[in-house]
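Q: I'd like to ask you about the structure that follows.
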Amino acid sequence: MLFPELEEKFAGISSHATVLGYLVLSRSTPVTLIRNSGTIFEGERGRNYAASVAKMVDAVQGFLEDVREDGADKDEVKFMRIRSERHEIMITPHERYVLVVLHNPSSLNVA
């Protein structure tokens, strides 16, 4: 069981009508799926999402390092939002974990 405040946060995320699920991943190698919610992230599909998100975070961090100006402080990925025709994925990397939330933005347009 996690801290009660975290349990509340996860319950709040899951309760949004547009949220299809969330993942909490480790930043270790190989990536570890710490927690998940939503049928979209169950089983092998959840593990595939976890591995793909980890690769994406590493790639974007590598990009930031590649374009960093000489002498500039290191820049770090704080938040990524990717929208496709069907879904939107929000990725929040942290030093020790990554929070991933997948939602269906088109359900916001339902009258």
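We did not get these values from a lab; they are worked out from the coordinates using the rules stated. This is a predicted model, so every value here is computed, not measured. Don't worry about glycine lacking a Cβ; one is built from the backbone with ideal geometry, like all the others, and counts go over all protein chains shown.
Q: Select, from 77, 31, 53, 100, the only residue that is in contact with a strand residue (DSSP E or B) (Cβ under 6 Å, 6 or more places away or on another chain), on the phi < 0 side of the Ramachandran plot and assigned to a strand (DSSP E or B). Break it down stepwise before answering.
A: On the way: 77 fails: assigned to a strand (DSSP E or B); 31 fails: assigned to a strand (DSSP E or B); 53 fails: assigned to a strand (DSSP E or B).
So the residue among 77, 31, 53, 100 that is in contact with a strand residue (DSSP E or B) (Cβ under 6 Å, 6 or more places away or on another chain), on the phi < 0 side of the Ramachandran plot and assigned to a strand (DSSP E or B) is 100.
Q: Please specify each residue of the range 2-55 satisfying the condition of being of a type in the set (A, V, I, L, M, F, W, C) and under 17 Å from residue 87 (Cα atoms).
A: We begin by selecting, within the range 2-55, every residue of a type in the set (A, V, I, L, M, F, W, C); these are 2-3, 6, 10-11, 13, 17, 19-20, 23-25, 31, 33-34, 40-41, 50-51, 53-54.
Matches in the range 2-55: 13, 17, 19, 20, 23, 40, 41, 50, 53.
Q: Still on this structure: Being under 15 Å from the mean Cα position of the chain (by Cα) and of a type in the set (Lys, Arg) is the requirement here; does residue 74 meet it? Before the answer, list the steps.
A: Values: under 15 Å from the mean Cα position of the chain (by Cα): no; of a type in the set (Lys, Arg): yes.
In short, no.
Q: Please work out which residue is nearest to residue 14 (Cα to Cα), limiting yourself to the range 46-62 and to residues that are over 12 Å from the mean Cα position of the chain (by Cα) and surrounded by 12 or more Cβ atoms within 10 Å (Cβ to Cβ). Explain how you work it out, then say what you get.
A: Here is the first cut: in the range 46-62, the residues over 12 Å from the mean Cα position of the chain (by Cα) are 47-48, 58-62.
Among the residues that remain, those that are also surrounded by 12 or more Cβ atoms within 10 Å (Cβ to Cβ) are: 47, 58, 60-61.
Values: 47: 19, 58: 26, 60: 27, 61: 28 Å.
Top of the filtered list is 47.
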